[in-house]
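Asker: The structure is given below, and queries will be raised subsequently.
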Amino acid sequence: MKKQNTTSDNKLDIVRHSASHILAAAVLDMFPEARFGIGPTIEDGFYYDFDLPRTLIPEDLPILEEKMRAIIKKNTAFERTEIDVKKAEALFKKAKQPYKVELIKDLVKDEKAKKVSLYKTGDFVDLCRGPHIDSAGEIKPDAFKLFKIAGAYWQGSEKNKMLQRIYGTAFETKKDLEAYLKKLEEAEKRDHRKIGKEMDLFSLPELAGGGLPIWHPKGSVLRRIIEDFWKQEHQKNDYQLIYSPHIGNVNIWKKSGHLEFYKENLYSPIKIDTEEYLLKPMNCPFHIFVYQSQPRSYKELPIRYAELGTVYRYERSGVLHGLTRVRGFTQDDAHIFCLPDQLSDELVRIIDFAVKMLKLFGFSNYDIYLSTRPEKYIGEEKIWNKATNALKYALDKTGLKYRIDPGEGVFYGPKIDIKIKDALERAWQCTTIQVDFNLPERFDVLYFDKKGKKQQPIMIHRALLGSLERFIGVLIEHYAGVFPAWLAPEQVWVLPIGSRHEEYAFKIAETLKKDGIRVVVKNENETIGKKIRDGEIQKIPYLLVVGDKEMSSDSVAVRERRKGDLGPMKLEEFIKKINNEIESKK
């Protein structure tokens, strides 16, 4: 048996991958007729897919955990062997493991494999590249947990059978596991779908169609605040705002390459008269059309177009998730057309703009990735290298730390991705910056240089917040719905103690409205205690209680969400306080 290397940085991944095999061995013990899919590691854990004789229930998970502990206690070895693909195929056919047979055939077809490696853990034999720990005893019996059962189509295709997926995690110590479980518990409390419903921000009714959110009045206010701020900041940074249609002739997407390289994300064409149209997956071709609407001189460049453009991309129903994974979303999109000698400065400018915007929304912790050429791409390799080097130069100039993400660029160019981290240290993809030499060539995008000759500009694609839907979902979870005053859909509630105080409450509200403050008078027939509790549940930044004392002194009794009762305050004083807070965006 060959020793496995578990001293590298991916040791935890190796532990988790090994735990997924131990789970499979436990499932085999519980269901001898089980058919096995795949069991990879994922962020923070692992899963394994099974074809089982019955549907699993939550009560099965602790039983499987005990079986896993028994295997760990026996310190069962992980034994690696390497055999010819034909022998491996025969082995798994005999064991009645059709999914493994299919995987072997894929390896032969895609990778021209002649041999494969197998790992044996007790009676369980798996097709696996490894590596693994040397023996099961290296996993602490109190440092792993199974926590979820879900459905998953084999190979991710709805045409295939639905398997049962068991999710779990493993850590090196019990303390690390407990910290992670506490984080999961906190994440559940912060779930934007739950908070969105409690705060009446949005809904996703089944009849409307999956992945198509509907914004309620308060959610629309939140979205409008973000959109208005976005527009103001872009105009300050010399962007020109434009609008483009939701559908486009199929020939656009043929010419751009999306129909060839992005087909799995496109919806079926819509026929209008004799022409076919597609729901747009991207805004970029339309921005090119604006650029091409008149001849361009080098003196005009750089030209920066920005749009809050709604796009539509096919997502399987099984991966849809609230606002963070939808089928129709609005991208805070922009495209810059620049001269070659302007490229570096433009990229640095965009990175600085992105970091500033994210910080204003409360995100100062993030990871940056430079994604390079994927397997399927358009254009020449030397052009790709040129674009990649430009992005690298800009990152180096800003002094920001980043990692290389090999092969994760888009089909038309390399990119920079900024993944923000929320209050629970979870990473979310938001900002993306892409250099594109290919679309300008495909669409014959030109400008006249100093000598009057036609030249091609360089095109930069960029989104700072990404999808507004996903960004708002992340924002809700980051703040747990407790938005800073400038983002809160309702900034102030005025709470009259009794009916005789209502006229004064509405007078207060009118004054606040004139100052641009979002205010609601809560004059329902409820006790003041109930109104205050409701305000706390709705996470209102300020509650202003008004009664006889406040009426006689022309004041308000202020309750701040974070500090509680602040006592009486003149209205002018309160307006100054809240306006300072709104302007500081803290």
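Asker: Please report the relative contact order for segment 252-364, taking Cα pairs under 8 Å with a sequence separation of at least 6, and give it as a percent rounded to a whole number.
Answerer: Values: 100 pairs, mean separation 25.2, N = 113.
Answer for segment 252-364 is 22 percent.
Asker: Quick check: Cα centre of segment 172-222 to Cα centre of segment 534-556, how many Å?
Answerer: Segment 172-222 and segment 534-556 have Cα centres separated by 30 Å.
Asker: Pop out the ³J(HN,Hα) list for segment 129-142 in order, Karplus 6.51 cos²θ - 1.76 cosθ + 1.60 with θ = phi - 60°, rounded to Hz; leave Gly and Pro as x.
Answerer: 7, x, x, 9, 5, 6, 7, 4, x, 6, 8, 6, x, 10
Asker: Order these by the 10 Å Cβ neighbour count, fewest first: Met357, Met30. Spell out each step's value before the answer.
Answerer: Values: Met357 20, Met30 14.
Listing Met357, Met30 from fewest to most nearby Cβ atoms yields Met30, Met357.
Asker: Okay, next question. Just to confirm the filter: which GluC sites (Glu not before Pro) across segment 410-469 are DSSP coil and have at most 12 other Cβ within 10 angstrom of their Cβ?
Answerer: Numbers: sites: Glu425, Glu441, Glu469; in loops: Glu425.
Passing sites in segment 410-469 are Glu425.
Asker: Given Cα pairs under 8 Å that are at least 6 residues apart, what percent is the relative contact order of the chain? Can you show the working numbers first?
Answerer: Details: 1040 pairs, mean separation 57.9, N = 586.
The value is 10 percent.
Asker: With only alpha-carbon atoms in the gyration tensor, what are the semi-axes of the equivalent ellipsoid for segment 96-211, in Å, largest first? Before the final figure, lay out each step's value.
Answerer: On the way: eigenvalues 247, 137, 24 Å².
The three semi-axes for segment 96-211 are 35, 26, 11 Å.
Asker: Among residues other than Glu206 whose Cβ falls under 15 Å from its Cβ, what is the net charge (Lys/Arg +1, Asp/Glu -1)?
Answerer: Summing Lys/Arg as +1 and Asp/Glu as -1 gives +3.
Asker: At a 10 Å Cβ-Cβ cut-off, how would you order Glu381, Glu573, fewest neighbours first? Working shown, then result.
Answerer: Numbers: Glu381 9, Glu573 12.
The most exposed by this proxy come first: Glu381, Glu573.
Asker: What fraction of the Cα pairs in the chain, stated in percent, has a spacing above 38 angstrom?
Answerer: Of all Cα-Cα pairs in the chain, 47 percent lie more than 38 Å apart.
Asker: So what is log10(I(q)/I(0)) for segment 492-584 at q = 0.16, 0.21, 0.23 1/Å, when the Debye sum runs over its Cα atoms only?
Answerer: -0.57, -1.03, -1.26
Asker: Right, next: 5 Å is the cut-off here: which amide hydrogens, built 1.01 Å from N in the peptide plane, fall below it relative to Glu408, excluding neighbours closer than 5 in sequence?
Answerer: Under 5 Å from the amide H of Glu408: Thr372.
Asker: Determine the gain in length on full extension of the stretch Asp367-Ser117; use 0.36 nm per residue of separation and subtract their C-alpha separation, reporting nm with one decimal.
Answerer: Details: separation 250, 0.36 × 250 = 90.00 nm, distance 3.46 nm.
That works out to 86.5 nm of additional length.
Asker: Within segment 118-221, list the GluC sites (Glu not before Pro) lying in a DSSP loop whose Cβ has at most 11 other Cβ atoms in a 10 Å radius.
Answerer: On the way: sites: Glu138, Glu158, Glu172, Glu178, Glu185, Glu186, Glu188, Glu198, Glu206; in loops: Glu158, Glu172.
Qualifying residues, ordered by number: Glu158.
Asker: So what's the net charge close to Tyr412: Lys and Arg +1, Asp and Glu -1, counting the other residues with Cβ under 13 Å from its Cβ?
Answerer: Working: positive: Lys255, Arg373, Lys376, Lys415, Arg442; negative: Glu260, Glu380, Asp436, Glu441.
Residues near Tyr412 contribute +1 overall.
Asker: Could you go through segment 562-570 in sequence order and give the Karplus-derived ³J(HN,Hα) for each residue, using 6.51 cos²θ - 1.76 cosθ + 1.60 with θ = phi - 60°, rounded to whole Hz, and x for Gly and Pro?
Answerer: These are the phi-based 3J(HN,Hα) values: 7, 10, x, 6, 9, x, x, 8, 5 Hz.
Asker: For segment 3-103, which GluC sites (Glu not before Pro) are both in a DSSP coil and crowded by at most 10 other Cβ atoms within 10 Å?
Answerer: Numbers: sites: Glu33, Glu43, Glu59, Glu65, Glu66, Glu79, Glu82, Glu89, Glu102; in loops: Glu33, Glu43, Glu59.
Taking segment 3-103 and a limit of 10 other Cβ atoms within 10 Å, the loop GluC sites (Glu not before Pro) found are Glu33, Glu43, Glu59.
Read-outs throughout are calculated quantities, based only on the coordinates presented, and are distinct from any laboratory measurement. Since this is a predicted model, take the numbers as computed values, not measurements. FYI the Cβ positions are ideal-geometry reconstructions off the backbone, even for glycines, and counts take in every protein chain you see.
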